[in-house]
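Structure record follows, encoded as structure tokens.
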Amino acid sequence: MIPTIIVGAATDIGRVRSENQDTYGMFPETGETHPRGRLFVVADGMGGHRGGKNASELAVRTIGETYFSMTNGSVGENLVEALETANDAIRHEAIKNPALTGMGTTCVALVMDGPRAHVAHIGDSRVYRISGGEIIQLTQDHTVVAEMVRRGLLSKEDAMQHPERSVLYRALGTGTEPEIDLQPEIAMMADDRFVLGCDGLTNMVDDEEIHELVMTCPPQEACDALVRLANERGGYDNITVVVVHLLAA
Ligand code: CA
């Protein structure tokens, strides 16, 4: 049986930056059911001279095209390959156009394939799963500060205030062999929700607030409310969020 999904998405420049370098994508873009499932991507670009926007747009587009063009291999393998292809695309673009040198992007990708979900990511954009009354962050932030927290060298509270909390040690476009994390396949349950968000959201709104808003509003209203909240608190960065609600498995 085909699962029924409701989705919401929002992206906003925030209140400080002069450009929105985030991009999100939902594939197939028509929203129709595809044998390879549905794919959701959030990318948070970095780099001046429009580099950040180029990198995040190129990543989202390349991942959408690549994933749905593959016919061999598992969903998880294909998803990782799609991110690797995006890495190459960003590097090639930067070589062609030296003004874009040094551009890169974070990337989180979620595939909902029948009753299973697959998550791949690189960087510090996140995927959360809300299930059974709990919110769980599925992805690990690839930041130096988050790594210090994992090693017990810094508290979670101090990390949130750390001036270098956005410094990444992995991203797409910054090296020839991106190290992409693939989560173990998730058996979804009816009423599960997934939240994809960039650091412009997660630095401003904590996990429990995301949980509460996503549980109390339909996906699009939840996305709009999360963007509004991040902006009310300063909107120091671009804000992007995608919410996917699985009604029935
Ligand atoms: Ca950001």
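Looking only at residues in the range 16-33 that are within 20 Å of SER125 (Cβ to Cβ) and of a type in the set (D, E, K, R), the one that is nearest to the chain's Cα centre (by Cα) is ASP22.
Testing GLY200 on (1) of a type in the set (Gly, Ala, Ser); (2) part of a loop (DSSP other than H, G, I, E, B); (3) under 23 Å from GLY45 (Cα atoms), one condition comes back false. Which one is that? Here GLY200 meets the rest and fails (2). Name every residue in the range 38-57 that is at pLDDT 95 or above, crowded, with 23+ Cβ neighbours inside 10 Å and of a type outside the set (Phe, Trp, Tyr), in order of residue number. Passing the criteria: LEU39, VAL41, VAL42, ALA43, ASP44, GLY45, GLY52, ASN54, ALA55, SER56. So in the range 145-178, with the set limited to residues that are within 26 Å of HIS211 (Cα to Cα) and in contact with a His (Cβ under 9 Å, 6 or more places away or on another chain), which one is nearest to the ligand (Cβ to nearest atom)? Among those residues, the one meeting the criterion is LEU168.
Yes/no per residue for (1) of a type outside the set (Phe, Trp, Tyr); (2) surrounded by fewer than 19 Cβ atoms within 10 Å (Cβ to Cβ):
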site: SER125; (1), (2): yes, no
site: TYR128; (1), (2): no, no
site: LEU138; (1), (2): yes, no
site: THR143; (1), (2): yes, no
site: MET148; (1), (2): yes, yes
site: LYS156; (1), (2): yes, yes
site: GLU164; (1), (2): yes, yes
site: VAL167; (1), (2): yes, yes
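Residues in the range 15-41 that are more than 17 Å from ASN78 (Cα to Cα) and within 16 Å of the ligand (Cβ to nearest atom): ARG15, VAL16, ARG17, SER18, GLU19, ASN20, GLN21, ASP22, THR23, TYR24. Within the range 65-88, the set of residues being touching a helix residue (DSSP H, G or I) at 6+ places or on another chain (Cβ under 7 Å), over 16 Å from GLU185 (Cβ atoms) and either crowded, with 20+ Cβ neighbours inside 10 Å or of a type in the set (S, T, N, Q) (or both) comprises THR66, ALA82, LEU83, THR85, ALA86.
The values are calculated or read from the model by the stated rules, or taken from the named source; none is laboratory data. Not measured: the values here are computed from a predicted model. For neighbour counting, all protein chains shown are included, and Cβ atoms are generated from backbone atoms with ideal geometry for every residue, glycine included.
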